[in-house]
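Presented below is the structure to which this report refers.
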Amino acid sequence: MSNRTTFTTKLGVIAATVGSAVGLGNIWRFPYETGQNGGAAFLLVYLICVFFIGVPVMIAEFSIGRSAKANANKAYKILSPGTHWNIIGIMGIFASIFILGFYSVIAGWTLEYVFQALTNGLAGKSAAEFQESFTGFSSDTFRPLIWIFLFLALNYFIVSRGIKDGIEKASNILTPLLFVILIVFCIRSIFLPGASEGLKFLFHPDFSKIDSNVILRAMGQAFFSLSLGMGTLTTYASYFSDNTNLSKTAVTVGILDTTVAVLAGVLIFPAAFSFGIDPSQGPELVFITLPNIFQHLPGSLFWSVLFFILLSVAALTSTISLCEVGVAYLHEEFGITRKKATRILIAFCIVSSTLCSLSFGVLKDFKLFGLTIFNFCDFTASNILLPLGGMLIAIYVGWVLNKKIVFNEVSNRQSLKVGFFKLLIFCIQYIAPIAIALIFLSGLGVFNV
Ligand code: PHE
């Protein structure tokens, strides 16, 4: 198995992994979750979840992937033959198709908005007109599907080329591009009049807002944002070389991912406050409010195009990692070519994303557990499958997998000093599974935090 393809450079590892983590979760989801759940108080709980639960679980996932050097299902079969722990991998593959379903819809919308911005379709509209055109577009049967399929085709183009020539090459360009655009934007945003109100909302915590719902949402957001609990990082780590430093990579991803989420807040909240807009609007914040704000800025065309390109790029580097979970599985388990595996996976995604897209229009009254198909996929993946996957991964690595394997992975076969190893194992054995279980139970209303 040692001839498995690997990422060729350190930059490649970081660009691909950070690219997976940084996505619509940071720029589209984080700001409205923060807006709806108490601003800075949410941010604080979020930070705790990222560093005490997220990063340790990430190191656990990396250890599984790199030691087994196989896809998310086979990895468990190699490490624990004759057991059923590979169910974690199978759950991850399902989660990836759920996430790709709703995620591609938003990604498709961002492409439509790049197009609209470029053709000046966003100029000169009133707030009500923005609302109207967004609702009209998103509930349309065909137009969103065209953009979704285009977006999935881009994924096919990159993922079918493999790790080195596809995913690594694309990430090396797209991830740095994303950071540059984001920084340019933040600088613009903090110079808006009234920006300080927005910054205060983001950085000044009101502890009375923290309740079990806020904690559940912060943890769900942390898992989603770090791409945890569903095999993406297990799969990517199976392509890490033997000298990639796993814990350093995990901390770097945790820091950069959180930085981007906070920067997205710095971009959006001052802009929202400066135009007197309530930041607790839901998912539409980015598609209705922001284009409206941009059109009042000098050079509005430039800012709108740039913003939606930012979102598309962020989405793409995440979806290629989601696709890789299923592609690696199909390619390795069924012995089919990578191209064929990618085609099959994309076919599944076409089905799931079409259903999610139609749930804004013709299927809007079709409900699963009281949720539209889109919301059902989002809720099930982010608030159930990912935390559950994360909990099982922590239990597996903390209690089932031989500690020597974990130690060898984290220390690169004893060549790195790992004074934090005991603390890490403590977080993986106790903190992560207990915290996730408690938050689940309180979320289900079993008791109050
Ligand atoms: N982390 C990505 C984001 O924040 C989403 C994602 C989730 C990607 C799970 C891969 C796996 O947008």
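The values are calculated or read from the model by the stated rules, or taken from the named source; none is laboratory data. Please read all numbers here as calculations on a predicted model, not as lab measurements. When we count neighbours, we look across all protein chains shown, and the Cβ atoms used for this are built from the backbone with ideal geometry, even at glycine.
Summary table below
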quantity: Residue that is farthest from the ligand (Cβ to nearest atom), among those in the stretch 294-334 that are at pLDDT below 95 and in a loop (DSSP other than H, G, I, E, B); calculated: Pro298
quantity: Filtered residues of the stretch 1-60 (kept if charged (D, E, K, R) and within 14 Å of Tyr236 (Cα to Cα)); calculated: Arg4, Lys10
quantity: Which numbered condition Phe30 fails, given (1) within 14 Å of the ligand (Cβ to nearest atom); (2) without any contact (Cβ under 8 Å) to a residue 60 or more places away in the chain; calculated: (2)
quantity: Among (1) within 15 Å of Ile210 (Cβ to Cβ); (2) within 16 Å of the ligand (Cβ to nearest atom) - the single one Ile48 does not satisfy; calculated: (2)
quantity: Scan of the stretch 127-152 for residues that are touching a residue at least 60 places away in the same chain (Cβ under 8 Å) and of a type in the set (Gly, Ala, Ser), ordered by number; calculated: Ala127, Ser138, Ser139
quantity: Listing of helices (runs of 4 or more DSSP H) fully contained in the stretch 158-269 that carry 2 or more residues being touching a residue at least 40 places away in the same chain (Cβ under 8 Å) and within 29 Å of Thr5 (Cβ to Cβ); calculated: 169-190, 212-225, 232-237
quantity: Residue within the stretch 77-96 that is surrounded by fewer than 19 Cβ atoms within 10 Å (Cβ to Cβ), touching a Gly at 6+ places or on another chain (Cβ under 6 Å), in a loop (DSSP other than H, G, I, E, B) and not charged (D, E, K, R) present; calculated: no
quantity: Selected residue (only one of Ile90, Ile59 is closer than 25 Å to Glu324 by Cβ and without any contact (Cβ under 8 Å) to a residue 40 or more places away in the chain); calculated: Ile90
quantity: Which listed residue is surrounded by 24 or more Cβ atoms within 10 Å (Cβ to Cβ) and touching a Gly at 6+ places or on another chain (Cβ under 6 Å), from Pro270, Pro279; calculated: Pro270
quantity: Criterion (in contact (Cβ under 8 Å) with a residue 24 or more places away in the chain, touching a Phe, Trp or Tyr at 6+ places or on another chain (Cβ under 9 Å) and either part of a helix (DSSP H, G or I) or farther than 14 Å from Thr34 by Cβ (or both)) met by exactly one of Pro279, Pro291, Pro283; calculated: Pro291
quantity: Criterion violated by Val266 - all others in (1) closer than 22 Å to Ile99 by Cα; (2) touching a Cys at 6+ places or on another chain (Cβ under 7 Å) satisfied; calculated: (1)
quantity: Verdict on Leu322 being surrounded by 22 or more Cβ atoms within 10 Å (Cβ to Cβ), in contact (Cβ under 8 Å) with a residue 24 or more places away in the chain and either under 16 Å from the mean Cα position of the chain (by Cα) or closer than 30 Å to Asn120 by Cβ (or both); calculated: yes
quantity: The one condition in (1) touching a Phe, Trp or Tyr at 6+ places or on another chain (Cβ under 9 Å); (2) under 30 Å from Leu154 (Cα atoms); (3) not aromatic (Phe, Trp, Tyr) that Leu177 fails to fulfil; calculated: (1)
quantity: Residues being among the polar types (S, T, N, Q) and either assigned to a helix (DSSP H, G or I) or within 25 Å of Pro81 (Cβ to Cβ) (or both) - total across the stretch 413-433; calculated: 1
quantity: Matching option when the condition is away from the ligand (no atom under 14 Å from the Cβ) and either among the hydrophobic types (A, V, I, L, M, F, W, C) or in contact with a strand residue (DSSP E or B) (Cβ under 9 Å, 6 or more places away or on another chain) (or both), among Ala16, Ala72, Ala41; calculated: Ala41
quantity: Search result, residues across the stretch 372-387 that are within 22 Å of Ala432 (Cα to Cα) and among the hydroxyl-bearing types (Ser, Thr, Tyr); calculated: Thr380, Ser382
